[in-house]
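Every number here is computed from the coordinates shown, using simple stated rules; none is lab data. The model shown is predicted, which means the values in this text are computed figures rather than measured ones. A quick note on method: Cβ atoms are made from the backbone with ideal geometry, for glycine too, and the neighbour counts reach across all protein chains shown.
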């Protein structure tokens, strides 16, 4: 993320805004609702509040205009339909928000979605400059998408919090506000170096290793020393979070992601057609309501599915669960306990995560050869 | 048939669009010596900046993917501070 030069910001947390006019493209109620929702994106993650004010005393003025549209110095004219859809001034210059009236403003994804553009412009009004991350709300390009799925990227959250700090609720008892925003407060404070940390799922993906927990994932790349933290929804908007298990079949360039009784196949971040499918279609019995962990063994071309104290072995070539399964985890993986939270094959070794520990397991000799903290991958 | 280099496929209209785009969103930064470019030329440095910002292949040339990005709807705030 980037802030404007000298990082100007509003000196107070309770801000007011006013719509100077309305676009004829949409009913007034829809415009007001879109604007309210756009402010909420930012108030959910900061101590800021936004109230509709009246008269000229409002802090932030919102205007629909075409071509040359204001008397404000250095306010460039709009360019007609398409092209530039809006612009806004930094807090140092009044935070004005201007939306190009020549666009076809809508409340859905057909024309130019007002909520989406307003949320971006409000980011500028609050002090954020453009981000280079294409998934970030503050990326300059307007990418048409389902407005219901427009969310702040972690980069946006970090940017705005660098100016105003986190929401006050995040500093309190850690209870979620119930918002669908990715900034669920309990999750924001996930500390990767907490010695008690456990993971929901771990997998390889195109040479990287992904660690999933709640709504986050951490990417460990062999080429980079830093660990990248992302919202899962930034890659797979339909999944959001709460992933139970994941595994990659490298030779098919496919990642399988499990959540409850469903699973998805994805190539990179593109969910494949026909998914989600039921885990029971794989041959997992109906009594199983979720998969705790999954790992593909490149040597045998078999996938292990762990659930509760049992596990199954799935033949990826012939697509069936082998006859002798389920097996008992405690019996076939002695030394790791009876449940597995996450599993990974890395450099030919099998790593089974259980709570805050990970067990390196020698499949041939059927014994644990090393025990480490689950977060040993991060150089904590 | 041999494929023409992409730069030769750029129309005068595209060239104008690109110049306007770069002037609007990649303005001269304070302290940068202003080197005037000919009307029919694109400032390759600015173009590189833009390509880098959008994660495109940084060539300094006005290729098809760069033009496509330039034609997409966007916010009017410059990508680099002027």
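Structural remarks
- For the segment A:80-90, counting C-beta atoms of other chains within 10 Å of every residue's C-beta and taking the mean gives 4.
- Antiparallel content of DSSP bridges confined to the protein assembly as shown, in %, to 5: 80
- Rounded to the nearest 10 degrees, the angle from helix A:154-164 to the longest Cα principal axis of chain A is 50 degrees.
- The angle between the Cα long axis of helix A:28-43 and the longest principal axis of the Cα atoms of chain A comes to about 60 degrees, rounded to the nearest 10.
- With both residues required to sit in region A:1-100, DSSP beta bridges show an antiparallel share near 20%.
- Across region A:277-380, Cα pairs under 8 Å and at least six residues apart give a relative contact order of 18 percent.
- With a Förster radius of 51 Å applied to the beta-carbon distance between residue B:11 and residue A:252, the computed FRET efficiency rounds to 0.75.
- Percent of alpha-carbon pairs separated by more than 30 Å within the protein assembly as shown: 54
- For the peptide B:65-75, the mean number of other protein chain Cβ atoms found within 10 angstrom of a residue's Cβ is 5.
- In percent, rounded to a whole number, the relative contact order of chain A is 11, using alpha-carbon pairs under 8 Å and six or more apart.
- In plain terms, the chain from residue A:298 to residue A:219 could stretch by 26.3 nm, reckoned as 0.36 nm per residue minus the Cα-Cα distance.
- Value of [θ]222 nm, deg cm²/dmol, for chain A, DSSP H segments ≥ 4, -39500 (n - 2.57) each, nearest 500: -4000 deg cm²/dmol
- Three-way shape call for region A:308-380 based on the alpha-carbon gyration tensor, with the a/c threshold at 1.5: prolate
- The stretch between residue A:362 and residue A:286 holds 24.3 nm of extra length on full extension. This uses 0.36 nm per residue minus the Cα-Cα distance.
- Shape of region A:1-144, Cα gyration tensor, a/c cut at 1.5: rounded
- Overall form of region A:229-380: oblate. Here a/c, set by the Cα gyration tensor axes a ≥ b ≥ c, is 1.5 or more, and a/b is not larger than b/c.
- Ranked by the mean number of other Cβ atoms within 10 Å of their residues, highest first, the peptides A:143-153, A:291-301 fall in the order A:291-301, A:143-153.
- For region A:37-122: relative contact order, % (alpha-carbon pairs under 8 angstrom, 6 or more apart): 28
- FRET efficiency, residue A:149 to residue A:18 (Cβ-Cβ, R0 25 Å, nearest 0.05): 0.30
- Estimated FRET transfer efficiency when R0 is 35 angstrom, pair residue A:66-residue B:41 (beta carbons, to 0.05): 0.65
- Peptide B:51-61 shows a mean partner chain C-beta count of 1 within 10 Å per residue C-beta.
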